[in-house]
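The structure under discussion appears below in the form of C-alpha cells.
The values are calculated or read from the model by the stated rules, or taken from the named source; none is laboratory data. Note that the structure is a prediction, hence the values are computed from the model and not measured. Cβ placement follows ideal geometry from the backbone for every residue including glycine, while neighbour counts extend to all protein chains displayed.
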Amino acid sequence: MNDLLQRYLAAVERRLPSGDGKAKAKSADIVAELREVLLSKIEAKEEALGRAATNDEVAELLKAFGHPVVVASRYGGHDYVIGPNYYPWFWHVQRIAVGAALVIGFGIATVRGLGSDEPMRAAMRGIGSAVEIALVAFGVVTALFIAAERGKLDMKWASKWDPKDLPRDNIRQPKMLFETAVTLAVDILFLLWWTKVVSFPAEIPAQDGRSVAFAFSPAWAAVYWPILALAVGTTLVHAADLIHPAWTRVRSLASIAGHTAGLAILWVLYTSQPLVTTSVLNGAG
C-alpha cells in the first residue's frame, strides 16, 4: 500500500472514537472502508494514466478527498454546536490551548507550593487555579469559534495542507493531552530546580537531633550546561506534543540526539565519581 495512503488513513484513525471495544471496532471498519474507497480511486487514476501514480499525484487525490480532521468528523456522529466547517478544528485548537493552560497553571502551582510554609495547601490552591485557567482558555476558544461561525470566517487556510506532511503514526502512537501536560510540568519543574530558581530539602533526619545533608560534588560542574541544554531540548520536544502529537522524522532525530547526549553525560559522570557529598549537621539543641 502506498506510504502516503497509509499515513493518511493513520491520521484519520487517530481522530476517530477509540474508547471501548465497540468504538475501536467501528473505527477499524471505517478505516477499512476508506482504504477500499481510496485504493479504488488510485487504481482508477493509474488505469487512466496507464502507469503507476506518483506520490504527487496520490497526494493531489488525497487532498481532494479531504483533510483527515474533516474526513474523521464525518464519522464522529456528533451534534455540532459549532458548524461542521469549524467543528473539526475546534477540538484541535482546544487541545493546544487547554494543554498550554494546564502546563502554565501546574508550573505556577509548583512554584507557589515550594515557596510556601504550607506547601500542600498552596499546591492545592495552585491546582485549583490551573483548572480555572484551563476553563478560561476553553471558554475563550469556544467564543472565538462561535464568532467565526456567525461571521462566516473564510476557511481557505484549512485547504493549505499537504498529504506528504502527514505524520507517520504507525511509528509511535500520539501522546494523550494529560500525559503531555504532566510531562511538561515535570520538565519545567526540573529546569526551575536545575537553575536554582526553586529548591528542595536536601537533608535526612538522623539520631540525636542531627541530620545528614546531601550536596552535588564538583563533578557536576562539568556537565551543568550540557544537562541544561538537554533539559531545554527535551522540554521543547514535549511542548511540540501539544501541537503535533504524532511521531515525525525530526522528532526521531531529536530523540536519537537526546539519548546520545544523555549517554555522553552519564559517561562523564561515571568517570568523575563521587557524585554526591554528605555532611552531618548538628541540631539546634
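May I ask you to say which residue of ALA32, ALA28, ALA23 is surrounded by fewer than 16 Cβ atoms within 10 Å (Cβ to Cβ), under 30 Å from the mean Cα position of the chain (by Cα) and at pLDDT below 85?
None of the others qualify; the one that does is ALA23.
Could you list all residues from the stretch 210-268 that are touching a strand residue (DSSP E or B) at 6+ places or on another chain (Cβ under 8 Å) and loosely packed, with under 12 Cβ neighbours inside 10 Å?
The one that is touching a strand residue (DSSP E or B) at 6+ places or on another chain (Cβ under 8 Å) and loosely packed, with under 12 Cβ neighbours inside 10 Å: ALA215.
Kindly evaluate VAL58 against the criterion of being β-branched (Val, Ile, Thr) and at pLDDT 85 or above.
Taking the combined requirement at face value, the residue satisfies it.
Can you find, within the stretch 22-79, the residue that is farthest from ALA10 (Cα to Cα) among those that are assigned to a helix (DSSP H, G or I) and among the hydroxyl-bearing types (Ser, Thr, Tyr)?
Ranking the candidates gives SER40 first.
If I ask for residues that are at pLDDT 80 or above and not in a helix (DSSP H, G or I), which ones from the stretch 183-211 would you list?
THR195, LYS196
Rundown of residues vs (1) in contact with a helix residue (DSSP H, G or I) (Cβ under 8 Å, 6 or more places away or on another chain); (2) closer than 27 Å to ARG15 by Cβ; (3) among the charged types (D, E, K, R); (4) not assigned by TED's automatic domain parsing to the domain that holds GLY107, yes/no style:
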residue	(1), (2), (3), (4)
PRO218	no, no, no, yes
ALA231	yes, no, no, yes
HIS238	yes, yes, no, yes
THR277	no, no, no, yes
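Let's see how each residue does on (1) over 21 Å from the mean Cα position of the chain (by Cα); (2) under 22 Å from ALA185 (Cα atoms); (3) charged (D, E, K, R); (4) in the same structural domain as LEU192 (by TED's automatic domain parsing):
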residue	(1), (2), (3), (4)
VAL223	yes, no, no, yes
LEU228	no, yes, no, yes
THR235	no, yes, no, yes
ASP241	no, yes, yes, yes
HIS259	no, yes, no, yes
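Picking from GLY139, GLY76, which residue would you name as being under 24 Å from LEU242 (Cα atoms) and at pLDDT below 75? Walk me through it before giving the result.
Values: GLY139 fails: at pLDDT below 75.
Exactly one of GLY139, GLY76 is under 24 Å from LEU242 (Cα atoms) and at pLDDT below 75, namely GLY76.
Kindly evaluate VAL58 against the criterion of being surrounded by 13 or more Cβ atoms within 10 Å (Cβ to Cβ), β-branched (Val, Ile, Thr) and over 20 Å from TRP89 (Cβ atoms). Break it down into steps so the answer makes sense when it comes.
Values: surrounded by 13 or more Cβ atoms within 10 Å (Cβ to Cβ): yes; β-branched (Val, Ile, Thr): yes; over 20 Å from TRP89 (Cβ atoms): yes.
Yes; evaluated as a whole, the condition is true for this residue.
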